[in-house]
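Below is one structure, written out as structure tokens; comments come after it.
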Amino acid sequence: MGRPRRTEGQPVRRNRLGKSDVHVTELGFGGGPLGGLFEAVDDDTAARALEAAWDSGIRYFDTSPHYGIGQSERRVGALLRDRPRDAWTLSTKVGRVLVPQDAAGRKDEAFEVAATHRRVWDFTRDGVLRSVEDSLTRMGVDRIDVLYLHDAEEHFEDALRDGYPALAELRAQGTVGAIGAGMYHSGKLTRLVEETDVDVVMLSGRYTLLDHSALDDLLPACEARGVSVLAASVFNSGVLATPRPSDGATYDYEPAAPRTLERARRLAAVCEAHGVTLPAVAMEFPLHHPVVAGAVVGMRSAEEVRRNTEAYGTTVPA
């Protein structure tokens, strides 16, 4: 049997993160696109996307200082700070401290925003505390529910040695409710799960219809340790985001190889034969594993929110 369809007006399911007291909606709003990932997003479009997400029942919002060098955090905060505090769950990330600079007419190297800041890698205790303070100021909120070590693949020993204890300290103080890391490298996340006391990991693109590699290490480790997983990049950056993958579709932020594209199209044909779409199945797939508490999907417009919430509500045959 597929999971039961969520009817219109019914709230998005909520799940607990690990052994913490933090709960997230099973469909989460990923704030990367609001920072201008791939293309610029104006304030009105961003605000409408966030309002549409709220109206659809999404109550978990994920962002990061990295996304648009603070732009995503400011936009997410503008929505949430006027809503009842116990109604929503907010996560952000640490590892990059934003240092002001003269943009001098330049664009940021990663997002379509003016280069008003530069990123400095910093997983030290002081760097983590500064990053959290800056994020709270940008968002205009009083606390963060979930805090992640972000993109620590190339700085993993620093993140494990210095960053994790700082997060654990903030959790013990009650400054944050749950802690973990967001990365694409399932092996390093596995080590974090086995060697620390994190509540949750956000896994990017390694447990999807096209990539099951996290089944080899991370998901069993999380099951053994009582750690939750949030599945990010469930569309592998684009190739699974449309009912029929097109030429030029991206896989992990690069043009999809012909073999990958052909495999995605075969998956799409199976979906069509069962009366469902590839994006709906791509969102559904990770949610069937017992450690996966939700899927976090990047959205840049009210239309994308509508499509994704409709896909989330689809009954997918087993």
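Looking for something at negative phi and within 19 Å of the chain's Cα centre (by Cα) - is there at least one such residue anywhere in the stretch 126-133? Within the stretch 126-133 (the criterion being at negative phi and within 19 Å of the chain's Cα centre (by Cα)), the answer is yes, since at least one residue qualifies. Among the conditions (1) over 18 Å from residue 20 (Cβ atoms); (2) surrounded by 24 or more Cβ atoms within 10 Å (Cβ to Cβ), residue 211 misses just one, which is (2).
Scanning the stretch 75-102 for residues that are within 18 Å of the chain's Cα centre (by Cα), over 21 Å from residue 17 (Cα atoms) and not aliphatic (A, V, I, L, M) gives 75, 77, 95, 96.
Any chance the stretch 274-283 includes a residue that's surrounded by fewer than 19 Cβ atoms within 10 Å (Cβ to Cβ) and over 24 Å from residue 17 (Cβ atoms)? I'd like the intermediate steps shown before the answer.
Filtering the stretch 274-283 for residues surrounded by fewer than 19 Cβ atoms within 10 Å (Cβ to Cβ) gives 274-275.
Now narrow it down to the ones that are over 24 Å from residue 17 (Cβ atoms): 274-275.
Yes; the residues of the stretch 274-283 include at least one that is surrounded by fewer than 19 Cβ atoms within 10 Å (Cβ to Cβ) and over 24 Å from residue 17 (Cβ atoms).
A residue that is out of contact with any Cys (no Cβ under 8 Å at 6 or more places or on another chain), surrounded by 16 or more Cβ atoms within 10 Å (Cβ to Cβ), in a helix (DSSP H, G or I) and small (Gly, Ala, Ser) occurs nowhere in the stretch 239-260.
With respect to the stated conditions, residue 191 fails to be of a type outside the set (S, T, N, Q), out of contact with any helix residue (DSSP H, G or I) (no Cβ under 8 Å at 6 or more places or on another chain) and modelled with pLDDT of 95 or more. In the list 180, 163, which residue meets the criterion of being under 30 Å from residue 84 (Cα atoms) and either surrounded by fewer than 16 Cβ atoms within 10 Å (Cβ to Cβ) or touching a residue at least 24 places away in the same chain (Cβ under 8 Å) (or both)? Of 180, 163, the one residue that is under 30 Å from residue 84 (Cα atoms) and either surrounded by fewer than 16 Cβ atoms within 10 Å (Cβ to Cβ) or touching a residue at least 24 places away in the same chain (Cβ under 8 Å) (or both) is 180.
Scanning the stretch 111-134 for residues that are under 11 Å from residue 149 (Cα atoms) and in contact with a Phe, Trp or Tyr (Cβ under 9 Å, 6 or more places away or on another chain) turns up just one, 123. One residue alone among 313, 298, 275 is out of contact with any Ser or Thr (no Cβ under 7 Å at 6 or more places or on another chain) and at positive phi, and that residue is 275. Among the residues of the stretch 228-238, none qualifies, meaning not one is modelled with pLDDT of 95 or more, closer than 26 Å to residue 94 by Cα, of a type in the set (S, T, N, Q) and open to solvent by 60 Å² or more (accessible area, probe 1.4 Å).
Here's the yes/no breakdown for (1) without any contact (Cβ under 8 Å) to a residue 24 or more places away in the chain; (2) open to solvent by 10 Å² or more (accessible area, probe 1.4 Å); (3) not in a loop (DSSP other than H, G, I, E, B):
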site	(1), (2), (3)
21	no, yes, no
40	no, yes, no
44	yes, yes, yes
50	no, no, yes
64	no, no, no
67	no, yes, no
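Quick check, is residue 264 of a type outside the set (D, E, K, R), in contact with a Pro (Cβ under 7 Å, 6 or more places away or on another chain) and not in a loop (DSSP other than H, G, I, E, B)? Spell out how you get there, then give the answer.
Values: of a type outside the set (D, E, K, R): yes; in contact with a Pro (Cβ under 7 Å, 6 or more places away or on another chain): yes; not in a loop (DSSP other than H, G, I, E, B): yes.
Criteria met by residue 264.
The criterion of being buried (at least 16 other Cβ atoms within 10 Å of the Cβ), part of a strand (DSSP E or B) and either in contact (Cβ under 8 Å) with a residue 12 or more places away in the chain or on the phi > 0 side of the Ramachandran plot (or both) holds for residue 201.
Flag: residue 125 matches the condition of being farther than 23 Å from residue 18 by Cα and either open to solvent by 10 Å² or more (accessible area, probe 1.4 Å) or aromatic (Phe, Trp, Tyr) (or both).
The values are calculated or read from the model by the stated rules, or taken from the named source; none is laboratory data. What you see is a predicted model; the values in this text were computed from it and never measured. Please note: Cβ atoms are built from the backbone with ideal geometry, for glycine as well, and neighbour counts cover all protein chains shown. With ligands, DNA and RNA removed, areas are computed over all heavy atoms of the protein, side chains included. Shrake-Rupley method; radii C 1.70, N 1.55, O 1.52, S 1.80 Å.
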